[in-house]
């Protein structure tokens, strides 16, 4: 045997095999969840829509992971086993506390960011009040429930107790509501236009852009109806 050469005895080979097996086991323990790519490829086989898998993390259930899937700007959660072969959709409930863990996680994932707040401020139709706590008031020109709370908001705004930024979110089943919202913005009718259900033929691009972008952003964040209140 030449100097520096390791003799390949059965004992040495056995040691190498044991060390290799241990290293592989350690890697498996370090990766309890399938990769983002593996989950993406699996979902793609059964889900015929545009989506993005942002991350795959360990869930509260041993052996089950949760994939954070972005669809049309909104996060959804899909549960997956560690092999990536099986997917589960639904709510995860903690029996002891009664908490809906899936809903809580989704609320955190879909929470408005500072960039979202900046975007919403650019989409405001008009503002009530000049000082006080600020919030976004999401409304529809034809919303009957909104009209009940609007006088209270208007009064508190005049008293300097709050500052309400009005966002138009016309619901699809309210015929003509979108056109009303656009014309109120375009003709700068403000609160009077909202209260009187104002509408004109003026469908300017600025108004149309504001309303459509408001709908897209709020829908992506889970807003489904009016009135809605977003506090800053």
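The values are calculated or read from the model by the stated rules, or taken from the named source; none is laboratory data. For clarity, every value in this text was computed on a predicted model and none was experimentally measured. Cβ placement follows ideal geometry from the backbone for every residue including glycine, while neighbour counts extend to all protein chains displayed.
Do the conditions hold for residue 137, that is, is it within 16 Å of the chain's Cα centre (by Cα), crowded, with 18+ Cβ neighbours inside 10 Å and at negative phi? So residue 137 fails the test.
Listed here are the residues, each with its yes/no results for (1) part of a helix (DSSP H, G or I); (2) not assigned by TED's automatic domain parsing to the domain that holds residue 217.
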{"residue": "65", "(1), (2)": "no, yes"}
{"residue": "68", "(1), (2)": "no, yes"}
{"residue": "105", "(1), (2)": "yes, yes"}
{"residue": "142", "(1), (2)": "no, no"}
{"residue": "145", "(1), (2)": "yes, no"}
{"residue": "152", "(1), (2)": "yes, no"}
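Applying a threshold of 6 Å to beta carbon distances and a minimum spacing of six or more residues, or different chains, the list of pairs starting in segment 52-77 at a residue that is in contact (Cβ under 8 Å) with a residue 40 or more places away in the chain and ending at one that is surrounded by 19 or more Cβ atoms within 10 Å (Cβ to Cβ) reads 68/75.
The residues in segment 190-232 that are free of Cβ contacts under 8 Å to residues at least 40 places away in the same chain and part of a helix (DSSP H, G or I) can be counted, and the count is 8.
The residues listed here are 37, 127; of these, the one that is over 19 Å from the mean Cα position of the chain (by Cα), in a strand (DSSP E or B) and without any contact (Cβ under 8 Å) to a residue 40 or more places away in the chain is 127.
Being without any contact (Cβ under 8 Å) to a residue 24 or more places away in the chain, surrounded by 14 or more Cβ atoms within 10 Å (Cβ to Cβ) and under 30 Å from residue 45 (Cα atoms) holds for only one residue in 91, 110, 100, and it is 100.
Residues are listed down the side, and each one gets a yes or a no for (1) in a helix (DSSP H, G or I); (2) assigned by TED's automatic domain parsing to the domain that holds residue 121; (3) in contact with a helix residue (DSSP H, G or I) (Cβ under 9 Å, 6 or more places away or on another chain):
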position	(1), (2), (3)
149	yes, yes, no
160	no, yes, no
184	yes, yes, yes
188	no, yes, no
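Residues that are closer than 18 Å to residue 226 by Cα and assigned to a loop (DSSP other than H, G, I, E, B) within segment 130-140 comprise just one, 140.
The condition of being closer than 16 Å to residue 223 by Cβ and touching a strand residue (DSSP E or B) at 6+ places or on another chain (Cβ under 7 Å) holds for only one of 167, 128, 171, that being 167.
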